[in-house]
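See structure below.
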Amino acid sequence: MCQLLGMNCNVPTDIAFSFEGFRMRGGLTDRHTDGFGIGFFEGKGLRLFLDDKPCAHSPVADLVNSYRIKSTNVVAHIRKATQGHTTLENTHPFQRELWGEYWLFAHNGNLKSFNPPAGKFYHTVGNTDSERAFCHILESLRNRFDTKPATDVLFDAVRELTEEIRAHGMFNFIMSNGEMMFAHASTLLFYIVRKAPFGQAQLVDDDLAIDFSQVTTPDDRVAVIATLPLTANEHWHQLACDELALFQHGDVILRSLPENPVYLSREKGLEIARSQGVGY
């Protein structure tokens, strides 16, 4: 199963601490070795770094860590291939333009039977189910709205599309336009909102700790989203199966929960992933 990482903040923030632990899952603390990517929004612009080599040993990942880019929205992905070869064109996150904005999308799962008709505006470059899903979402939104709708209207539209695609298999994803960030869980997805008073954090995957009170201001607010918690001494919230959440300015602003929410254990989530052909 792939690994997802997202960050949404109210001020430009350095993701180096979270990324240092996250990248270890790309070949050291876990077996996700089919490439990685990370995208940083900066104003209307976007810095996107991709490599089809294991993230833990990638010079591109070294560059990202040393660059110390500050951003209000970051989307990252470590790939364990289920559909499509290990190539750059199949490496997440995928990038497209909609309503004059860049959008990034990263997916963890397997949509075995999802083959929507080719769209007029958005076409896949690679051959993954993930890119097909992203193109279908944007094609549907562009056909439905000439300009970007109000946030609550957009959220409802994305929720409907998510439910449609989710029927075809496991569909954990993160999607952002640099202003807001959508996160959807089919199985395992966690988040934490860091705000004052800030404390210390210790990575799960690396012997590294940080005291956030030394590198933040009292007004900072940072939401971090990950397939599995990145730190051992903080309380992470779990998204329910089939929950869609929208983050903006470092916090959850909208969410859609099933009537009877289900929260999987790590072991059960991995078992379901294996049963759907998502290897570990």
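Enumerate lysine pairs in the chain that are 8 or more residues apart or on different chains, then count those whose Cα atoms are under 22 Å apart. Intermediate results must be reported in sequence, preceding the final value.
Details: Lys44/Lys70; Lys44/Lys148; Lys53/Lys80; Lys70/Lys195; Lys80/Lys112; Lys80/Lys268; Lys112/Lys268; Lys120/Lys148.
Eligible lysine pairs with Cα atoms under 22 Å apart amount to 8.
Could you order the peptides 199-209, 154-164 from most to least packed, using the average number of other C-beta atoms within 10 Å per residue?
Values: 199-209: 14.8, 154-164: 17.2.
In decreasing order of mean packing, 199-209, 154-164 become 154-164, 199-209.
If N is the number of residues in the stretch 165-244, what value comes out of its Cα radius of gyration divided by 2.2 N^0.38 Å?
Dividing the Cα Rg of the stretch 165-244 by 2.2 N^0.38 Å gives 1.25.
Cα convex hull of the chain: how many Å³ per residue?
Values: hull volume 33.8 nm³, N = 280.
For the chain, the hull spanned by Cα atoms encloses 121 Å³ per residue.
As a test of the formula, what do you get for the chain when each DSSP H run with n ≥ 4 contributes -39,500 (n - 2.57) and the sum is divided by the residue count, at 222 nm and rounded to the nearest 500 deg cm²/dmol?
Values: 5 runs with 60 residues, N = 280.
Calculated mean residue ellipticity at 222 nm is -6500 deg cm²/dmol.
Mind ranking 59-66, 34-41, 146-153 by how tightly packed they are, going by the mean number of other C-beta atoms within 10 angstrom, highest first? Let's see the in-between values first.
Details: 59-66: 14.9, 34-41: 26.4, 146-153: 11.2.
Packing order, densest peptide first, comes out as 34-41, 59-66, 146-153.
Mind checking which of Met7, Ala201, Ser58 is farthest towards the positive end of the chain's charge dipole, using Cβ charges of +1 (Lys, Arg) and -1 (Asp, Glu) about the Cα centre?
Among Met7, Ala201, Ser58, the one farthest towards the positive end of the dipole of the chain is Ser58.
Read-outs: derived from the displayed coordinates by stated rules, not from any lab. If you're wondering where the values come from, they're calculated on a predicted model, not measured in any experiment. Every residue, glycine as well, gets a Cβ built from its backbone with ideal geometry; the counts of neighbours run over all protein chains shown.
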